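As structure tokens, the structure follows; a few thoughts come after it.
The values are calculated or read from the model by the stated rules, or taken from the named source; none is laboratory data. What you are looking at is a predicted structure, and each value in this text was computed from that prediction instead of being measured. Cβ sites come from the backbone with ideal geometry, for glycine too, and all protein chains shown count toward neighbours. Just so you know, the surface numbers come from the protein's heavy atoms only, side chains and all, with ligands and any DNA or RNA stripped out. Shrake-Rupley method; radii C 1.70, N 1.55, O 1.52, S 1.80 Å.
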Amino acid sequence: MDTISKKVFSLGHSLPAPAAPIANFVPTALAGDLLYISGQIGVANGTASHVGCLGAGMDVETGYAAAQAAALSVLSHIAANTADSLAKVRRVLKLTIFVASTPEFSQHPQVANGASDLFVSVFGEAGKHARAAIGVASLPRGAAVEVEAVIQIA
């Protein structure tokens, strides 16, 4: 597998088109060899793919899928900034996963694994990363999960 798209496809997924920002910011910023990717949600047919709140009717398995969908959106921006090259990704340095949840919900790490597991599956050892999983009251478009990333590229 020499492209991010092919690797993602081999895992049973496809990359969405990179999303345009919905406010006054850029989706990615490059500083030297560091690619910063703004928070991304999972998108299907132009709308949030997983809407809801963990602990209020949404279970951990659905949250895991929401994190995976948001990670696919992040991967689409990585592909757009590396000519879709797996070899140009040196390391996934940091993921921050925001989980829309009730105050009582405490399984943020299990939800965040949806994103983390996908990055490791796509990039192998280079996909292992530092991470924060944070519970929040709400996210844009009612999304259940948002993922931002810092990627070292060649």
Under the condition of being assigned to a loop (DSSP other than H, G, I, E, B) and hydrophobic (A, V, I, L, M, F, W, C), which residue from region 32-87 is surrounded by the most Cβ atoms within 10 Å (Cβ to Cβ)?
-> 41
Could you please give the count of residues in region 94-152 that are outside any strand (DSSP E or B), closer than 26 Å to residue 30 by Cβ and among the hydroxyl-bearing types (Ser, Thr, Tyr)?
-> 2
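Of the residues 154, 126, only one is more than 14 Å from the chain's Cα centre (by Cα), more than 22 Å from residue 47 (Cβ to Cβ) and open to solvent by less than 30 Å² (accessible area, probe 1.4 Å); which? Walk me through how you get there before you give the answer.
Values: 154 fails: open to solvent by less than 30 Å² (accessible area, probe 1.4 Å).
Answer to the selection: 126.
I need a count of the residues in region 141-151 that are hydrophobic (A, V, I, L, M, F, W, C) and either surrounded by fewer than 20 Cβ atoms within 10 Å (Cβ to Cβ) or at pLDDT below 95 (or both). Spell out how you get there, then give the answer.
Step one: filter region 141-151 for residues hydrophobic (A, V, I, L, M, F, W, C), giving 143-145, 147, 149-151.
From what's left, either surrounded by fewer than 20 Cβ atoms within 10 Å (Cβ to Cβ) or at pLDDT below 95 (or both): 150.
Going through region 141-151 one residue at a time, the tally reaches 1.
I'd like the full set of residues that are more than 15 Å from residue 77 (Cβ to Cβ) and among the aliphatic types (A, V, I, L, M), limited to region 32-60. Quick ask: steps written out before the conclusion?
At the first step, the residues of region 32-60 found to be more than 15 Å from residue 77 (Cβ to Cβ) are 32-33, 44-60.
Across region 32-60, the qualifying residues are 44, 48, 51, 54, 56, 58, 60.
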Could you say which residue among 100, 133, 115 is in contact with a Pro (Cβ under 7 Å, 6 or more places away or on another chain) and over 16 Å from residue 2 (Cβ atoms)?
-> 133
Can you tell which of 121, 138 is more than 14 Å from the chain's Cα centre (by Cα) and open to solvent by 10 Å² or more (accessible area, probe 1.4 Å)?
-> 138
In contact with a strand residue (DSSP E or B) (Cβ under 8 Å, 6 or more places away or on another chain), open to solvent by 50 Å² or more (accessible area, probe 1.4 Å) and on the phi > 0 side of the Ramachandran plot - does that describe any residue in region 98-111?
-> no
